[in-house]
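What follows draws every value from the coordinates through simple rules; no lab data is involved. Quick caveat: nothing in here was measured; it's all calculated off a predicted structure. Heads up, the Cβs are rebuilt from the backbone with ideal geometry, glycines too, and the neighbour counts pull from every protein chain shown.
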There are 2 protein chains.
Amino acid sequence: MLKAADQVLFDQGIRATPVDALLQQAEVSAATLYTHFGSKDALIAEALRVRLADWQGVWDQHIVAADNDMARLLAVFDALASYRRDKGHPSRWCAFLAAATELPAAAEEISAVLAADTDLLATRLLHFSRPLAGPRAQELADEVLLAYSGTLTAFLRGYPNAPIDVGRRLAHLAAKACRQPG
Amino acid sequence: MLKAADQVLFDQGIRATPVDALLQQAEVSAATLYTHFGSKDALIAEALRVRLADWQGVWDQHIVAADNDMARLLAVFDALASYRRDKGHPSRWCAFLAAATELPAAAEEISAVLAADTDLLATRLLHFSRPLAGPRAQELADEVLLAYSGTLTAFLRGYPNAPIDVGRRLAHLAAKACRQPG
DNA sequence: GTCTATAAGCGGATAGAC
DNA sequence: GTCTATCCGCTTATAGAC
């Protein structure tokens, strides 16, 4: 059920997907969904929570595998590539940003996950920016987050090609600039 | 009517806004909307076309005002700041990207405007990248487009603060790097 | 717990008068 | 061309049997 929801909701669109489509995909019946989750919104929230946990796990692996400060900062781009590659059904772009756009008056339960995603990004990128940029760590973290968000949005836009490479390049430049001010 | 549509659709959300809300905002009646536009989708498409034309005009002004190659490339960020400042009701982020997310199976009329926006960005940024980056112009244009998209998405994410400054900084770095390879 | 069938409400669109 | 009133379909959610 959750797997089906993740696949269809974030590929076809959250609001564009009627509950019936989820039921059909999961091969269960309406009553089952509503006894387990209570509402479509609650199902969305749960699917987002699962997704955030999965994504964090993939990112963790790439951080552990990185062997220097620069690689740890840029691991977020490698993790994104892995996450999308390993997932059978890659979402159209970013499920969290899609939810923010499609559900502007989302239930607290939903917006909390979006905030958690942004917070995870901001916190980790700042952490990994410190050894590279010292006092300019916040500046660097902001730049990398922007490059990362730009990469995600490039999937939605369909342009440019190979957005992960472009975003990674941008982040790399930003990191080098903070080491060599001017 | 179009002004009301632009304000409400792209601030409250396209799908989240019922036709009734647009009618109330514009102080007209349902029949009026449907005789003039034919459908909600057609109204959305027209609002997007108007918005693209306005945006292009603002960008034009900032290009003309720029007095060197670097300023012309970065004018897109100044134009974005102007556009949002001068608009009474700034949209939540980018109307075109919002439409792409909210209407995944959009009518051709709508997706054409999105394609036109991306095309305008890609074409102009490549044009202004040439004098700065020469053979690496495409590379630079991709990077600036990514930084620009990241800036827009930062409005949706609510983070980082001052996204236009961050995006502009990234684009500037990318341009400098193309002038000084390595 | 899961199914079938159905209720309740909303949103987009239209009919017909003026 | 605009309004009032209304229709129709879709979507979410529930009731009641098994």
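Quick look at the values:
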read-out	value
Selection count where residues are under 15 Å from the mean Cα position of the chain (by Cα), within 7 Å of chain B (Cβ to nearest Cβ) and hydrophobic (A, V, I, L, M, F, W, C), scope region A:153-170	2
Test: residue in region A:140-150 that is aliphatic (A, V, I, L, M), touching a Pro at 6+ places or on another chain (Cβ under 7 Å), at the interface with another protein chain (Cβ under 9 Å from one of its Cβ atoms) and crowded, with 20+ Cβ neighbours inside 10 Å	yes
Region B:10-23 - residue that is more than 14 Å from DNA strand D (Cβ to nearest atom) and either among the charged types (D, E, K, R) or at positive phi (or both) and, of those, farthest from the other protein chains (Cβ to nearest Cβ)	B:D11
Matching entry among A:G167, A:G134 (being surrounded by 15 or more Cβ atoms within 10 Å (Cβ to Cβ), of a type outside the set (F, W, Y) and part of a helix (DSSP H, G or I))	A:G167
Which listed residue, of A:A42, A:A26, A:A47, A:A30, is more than 14 Å from every other protein chain (Cβ to nearest Cβ), crowded, with 19+ Cβ neighbours inside 10 Å and within 16 Å of DNA strand D (Cβ to nearest atom)	A:A47
Test result for A:F128, among the aromatic types (F, W, Y), surrounded by fewer than 20 Cβ atoms within 10 Å (Cβ to Cβ) and assigned to a helix (DSSP H, G or I)	no
Some residue of region A:51-58 being surrounded by fewer than 17 Cβ atoms within 10 Å (Cβ to Cβ) and under 27 Å from B:P18 (Cα atoms)	no
Region B:91-118, residues that are touching a residue at least 12 places away in the same chain (Cβ under 8 Å), over 11 Å from the mean Cα position of the chain (by Cα) and not in a helix (DSSP H, G or I)	B:R92, B:L103, B:A106, B:A107
Within region A:88-108, tally of residues that are more than 14 Å from every other protein chain (Cβ to nearest Cβ) and surrounded by 15 or more Cβ atoms within 10 Å (Cβ to Cβ)	0
Listing of helices (runs of 4 or more DSSP H) fully contained in region A:1-85 that carry 1 or more residues being under 13 Å from the mean Cα position of the chain (by Cα)	A:2-12, A:40-65
Every residue from region B:90-113 that is over 17 Å from B:G57 (Cα atoms) and touching a Phe, Trp or Tyr at 6+ places or on another chain (Cβ under 8 Å)	B:S91, B:R92, B:W93, B:A98, B:T101
Residues of region A:116-139 satisfying the condition of being more than 7 Å from chain B (Cβ to nearest Cβ) and among the polar types (S, T, N, Q)	A:T123, A:S129, A:Q138
